[in-house]
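As structure tokens, the structure follows; a few thoughts come after it.
All of the numbers you see were taken from the coordinates with simple rules; none came from a lab. Keep in mind that this is a model prediction, so the values were computed, not measured. Note that we place each Cβ from the backbone using ideal geometry, even for glycine, and neighbour counts take in every protein chain shown.
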Amino acid sequence: MGQTTEHVDVRLKQLDQADWVAALGDDWSSAAQVFDHLERNSHHVDAIREFPWERVLAERSTVLDLACGSGWVTGLLSARPDVERVIAWDASEAQLREMVPQSVELVGGDISKVETVCGFFAPLPLDDASIDCAVLTSAFHHAERPGEVLAELIRVVRPGGAIILANETPHPRVTMLRWILGFSAAAVVNSLFDRLHLTRPGHMAADHILYDDRLGDRVLTMPQWRRLFSRHPVSVEMMDSGLAPYRRSFRAPGRGQSNLTHFILRPA
Ligand SMILES: C[S@@+](CC[C@H](N)C(=O)[O-])C[C@H]1O[C@@H](n2cnc3c(N)ncnc32)[C@H](O)[C@@H]1O
């Protein structure tokens, strides 16, 4: 008794980092580590490097990289002579502040062309037809209200411009149903046999959501993508990159993958 212990409150510090990156742990707090992971374990960077950018970028393009994350795509685009300005936009202040400048440097981009905006998917406080090309890589499926986001993108992109929803993985409906059934069966088995160490994902979160490591993302079937596009005045070109999201060495056993797919939308 009488002895005092030092009390340290780290909550303020944590608040500053309470975002997607922090949720993934310290290893993800450096742009180099994120980029290294993507290059070593996935094909996401290859798919963006191989994308035919010359088809969608005009001279002196203003590009919006919406939900830019660590900013490696911003960096690659800023290095292009046909890009004059990149607006790197994300809900995560920490990523914009800490990681985007690092990523731009890492991939040989031009930071003088980059401006960062901390904001959500929608509404986009940008003028009508003020953007030549809007790019969302591995990002559009995070939108809770995809229709609202697409409507905003169509508004801010100029006629003749393009909206690129890149590195998506649209799944056939049957594949999706197979996963859902397998996952639900695992959840039932785990709860019936009181399993704590799960052999495969399959339990319920406190808010009664079936938990899976895909949480946070919304995996859409091909028919869902089609329905979304059919409701908006856009022409759609679907491009199969021919690349699986993750390299063989990194794939979870038994996890099927659809190829990384790009949707090129042109406002009508
Ligand atoms: C999987 S990451 C993709 C990042 C980057 N585009 C890439 O290809 O590496 C998804 C990004 O979406 C952002 N995000 C999620 N929900 C958002 C929202 N409602 N508004 C804006 N950004 C959001 C996250 O902060 C995260 O950076």
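Side notes on the structure shown:
- Contour minus Cα-Cα distance for ARG145 and SER130 (0.36 nm per residue): 3.1 nm
- Equivalent-ellipsoid semi-axes of region 110-202, from the Cα gyration tensor, Å, largest first: 40, 16, 12
- Model label sites at GLU93 and GLU115, defined 7 Å from Cα along the beta-carbon direction, differ in position by 2.0 nm.
- For region 27-167, the calculated P(r), taken from all Cα-Cα distances in 5 Å bins from zero up to the bin holding the longest distance, is 2, 11, 21, 25, 22, 13, 5, 1, 0 percent.
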